[in-house]
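Notes to accompany the following structure.
The values are calculated or read from the model by the stated rules, or taken from the named source; none is laboratory data. Not measured: the values here are computed from a predicted model. Note that we place each Cβ from the backbone using ideal geometry, even for glycine, and neighbour counts take in every protein chain shown.
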Amino acid sequence: MTVWCGENVGTGGPGERSGSTRNVRAIPNKLRERAKRASQNVSGYVEQSQSVPRMCATRVLLDTPLRTGSFRSMAERNVQLVLHYDGARFSGWQRQPDQRTVQGVVEQALERLCGAPVPALGSGRTDAGVHARGQAVGVHLPERWDTVRVRRALNAILPDDVWVAATFEMRPEFHARYSAVSRRYSYYIGTDEEARSPFRRPREHPIDRPLDRASLDQAASMLEGDHCFRAFAVLGTAPAHDDHRCTVRTARWHDRPGGLLFEIEANRFLHHMVRFLIGTMIDVATGRRPLSDIGSLLAAADNSDVSVPAPAHALFLDHVAYPRELYLGES
């Protein structure tokens with residue numbers, strides 16, 4: 001049977017080569033009508049066949065394992081990890097290409113356990129060299145990984161400078177960064193000769209000059225409350241619309257054997273903020289600048305007059321607080 005398609009058709013009749021053509025206008029009316037119907041059928045077949053790849057592509061997408069950013073599986077847990085880590089050999093918290101970071105190490109361990117990438121969202125980013133004994137991390141895990149199992153498994157494969165201190169099952173709305181109501185940091189100053197010992201120096205900032213203890217206390221008290229800390233932050237690291245305001249709940253210096261300890265708790269912290277505060281207060285306590293500079297800097301529009309930030313290696317992220325109602329259980 002000859003299929004008539006378009007204006008030029010192959011008859012396949014005797015004496016003609018396959019693929020020969022003749023004008024449709026020369027065909028009798030009855031045959032021309034048959035050709036028209038055949039043409040419509042072929043066009044319909046082509047249109048349907050072109051839709052097959054689209055249908056198959058949809059099926060492939062649904063069968064493909066979920067990637068980061070895809071919709072989440074229904075059977076999963078929202079888990080908070082509380083991490084301790086020694087920041088000495090890390091380039092900070094945040095994942096970076098070709099750099100060893102805490103986030104990168106934790107995500108590698110989670111992928112080994114779950115067989116797929118698992119994003120680890122920290123409560124905040126600690127700088128290179130900063131330590132933690134209370135960094136909160138939010139992860140979404142398959143339901144089979146309860147808090148007890150995942151803590152045991154992670155601690156078995158994480159490197160020696162990272163440890164999961166606790167795990168909590170959280171409500172679905174928990175977000176490690178945006179659900180936090182406060183963070184607490186501490187900074188260690190060494191004032192005796194042994195502060196330069198190799199057993200203390202990696203965790204303390206040794207200072208040989210005498211420190212005016214009363215000036216330190218007065219400077220710290222000026223930080224409490226709601227203030228603009230633009231002068232105590234790295235320029236350009238916050239969004240343009242950010243007002244750089246933080247509410248400091250407590251800022252206290254404490255005596256300890258061999259030195260001093262500074263503790264500060266606030267609803268949030270800006271980039272390098274604690275280290276700029278420490279550096280400026282030390283300059284006040286050693287007589288390098290007047291106490292009144294603290295107030296001036298809190299009113300400043302930029303960080304051009306702030307002191308050099310204190311070294312990172314003596315700073316610890318101690319605790320991140322969340323509303324009690326977000327917790328479902330603990331490991």
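Numbers for the structure displayed
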| item | result |
| --- | --- |
| Total residues in segment 275-304, condition assigned to a helix (DSSP H, G or I) and closer than 23 Å to L315 by Cβ | 15 |
| Set L110, L81: member being within 15 Å of R177 (Cβ to Cβ), in the same structural domain as P172 (by TED's automatic domain parsing) and of a type in the set (A, V, I, L, M) | L81 |
| Matching residues in segment 207-233 - criterion: being surrounded by fewer than 16 Cβ atoms within 10 Å (Cβ to Cβ) and in a loop (DSSP other than H, G, I, E, B) | D208, R209, P210, D212 |
| Close pairs (8 angstrom Cβ cut-off, 6 or more residues apart or separate chains): of a type in the set (D, E, K, R) in segment 78-92, assigned to a loop (DSSP other than H, G, I, E, B) anywhere | D86/D161; R89/R100; R89/D161 |
| D208 vs. criteria modelled with pLDDT under 95, in the same structural domain as D293 (by TED's automatic domain parsing), under 18 Å from R125 (Cα atoms) and not hydrophobic (A, V, I, L, M, F, W, C) | no |
| Pick from segment 150-205, criterion in a helix (DSSP H, G or I) and of a type in the set (A, V, I, L, M), ranking: nearest to R324 (Cα to Cα) | V150 |
| Residue match in segment 197-204 (condition: more than 22 Å from P117 (Cα to Cα), over 24 Å from the mean Cα position of the chain (by Cα) and buried (at least 20 other Cβ atoms within 10 Å of the Cβ)) | yes |
| Residues that are under 20 Å from Q99 (Cα atoms) and either assigned to a loop (DSSP other than H, G, I, E, B) or of a type in the set (V, I, T) (or both), drawn from segment 126-148 | T126, D127, A128, G129, V130, V137 |
